[in-house]
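One structure is given here, and the rest of the page talks about it.
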Amino acid sequence: MMYANTLPDPEYQSEFYEGVALKRGLAWIVDTIFTALITALIVPFTAFTALFFLPLLYLTVNFAYRWMTISGKSATFGMRLAAIEFRRADGRPFDSGTAALHTLGYALSMAFVLPQVLSVIMMVFGPRGQGLSDTVLGTVAINRSARF
């Protein structure tokens with residue numbers, strides 16, 4: 001892999017990846033609840049017409065939330081609570097473009113069952129805990145307390 005020497009090695013620097021899969025799952029729950037609450041708060045401001053396109057509104061809010069929070073501090077609010085963050089293949093935090101691509105990959109994998117299941121399996125059993133979009137982009141989620 002081209003980034004094997006840039007990112008922490010899971011065998012020799014395991015503290016970067018310990019418990020990350022579980023933390024990502026907990027962060028996902030927090031972020032899902034948070035985006036559902038934001039969506040619910042928006043609905044009354046549309047005179048409740050948003051109820052007719054609620055799934056589309058939720059997807060839009062979720063995409064915007066993930067993109068903005070990940071591009072700002074390389075982690076969603078749920079990830080910050082779980083003390084994890086994303087890193088690019090070169091070891092740097094996400095920029096806006098990487099955050100957009102990662103969020104798009106996440107949205108596409110969540111739209112279909114097989115990529116979603118494959119992504120979770122990859123996170124749980126992979127040495128770096130990378131999901132499908134992480135693997136494609138060469139990114140990882142690491143413990144925030146562990147530093148390069």
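Would you kindly state how much longer the chain becomes between LEU104 and VAL117 on full extension, computed as 0.36 nm times their sequence separation minus their alpha carbon distance, in nm to one decimal?
Going from the current span to full extension adds 3.0 nm.
So how much accessible area does ILE33 have, in Å² to the nearest 10, using a 1.4 Å probe?
Accessible area of ILE33: about 100 Å².
Check each of the GluC sites (Glu not before Pro) in the stretch 1-52 and keep only those in coil by DSSP with at most 11 other C-beta atoms within 10 angstrom; list them in order.
Qualifying residues, ordered by number: GLU11.
Out of residues 5 or more away from ILE84 or on other chains, whose amide H comes under 5 Å of its own, with H placed 1.01 Å from N in the peptide plane?
ARG144
Would you kindly find the accessible area of TYR65, with a 1.4 Å probe and non-protein molecules such as ligands, DNA and RNA excluded, rounding to the nearest 10 Å²?
Only protein atoms counted, so the area is about 10 Å².
Hey, what did the stretch 33-148 get for relative contact order, percent, Cα under 8 Å, at least 6 apart?
Over the stretch 33-148, the number comes to 22 percent.
Can you work out D for the chain in µm² s⁻¹ from Stokes-Einstein, where Rh is the Kirkwood radius over C-alpha pairs, the temperature is 10 °C and the viscosity is 1.306 mPa s?
The calculation lands on 100 µm²/s.
From the phi angles alone, apply the Karplus equation (6.51, -1.76, 1.60; θ = phi - 60°) to the stretch 95-111 and give each ³J(HN,Hα) in whole Hz, x where the residue is Gly or Pro.
In residue order, the calculated couplings are 9, 5, x, 5, 4, 5, 5, 5, 5, 4, x, 4, 4, 5, 5, 6, 6 Hz.
At a 1.4 Å probe radius, carbon and sulfur cover how many percent of the accessible area of the stretch 1-71?
75 percent
Of THR76, ALA47, SER133, which is farthest along the charge dipole of the chain in the positive direction, counting Lys and Arg as +1 and Asp and Glu as -1 at C-beta?
Of THR76, ALA47, SER133, it is ALA47.
State in Å² the accessible area per residue of the chain; use a 1.4 Å probe, count heavy atoms of protein chains only, and round to the nearest integer.
Ligands and nucleic acids excluded, the result is 57 Å² per residue.
The values are calculated or read from the model by the stated rules, or taken from the named source; none is laboratory data. Because the structure is predicted, anything quoted here is derived from the model rather than measured. For neighbour counting, all protein chains shown are included, and Cβ atoms are generated from backbone atoms with ideal geometry for every residue, glycine included. Just so you know, the surface numbers come from the protein's heavy atoms only, side chains and all, with ligands and any DNA or RNA stripped out. Shrake-Rupley method; radii C 1.70, N 1.55, O 1.52, S 1.80 Å.
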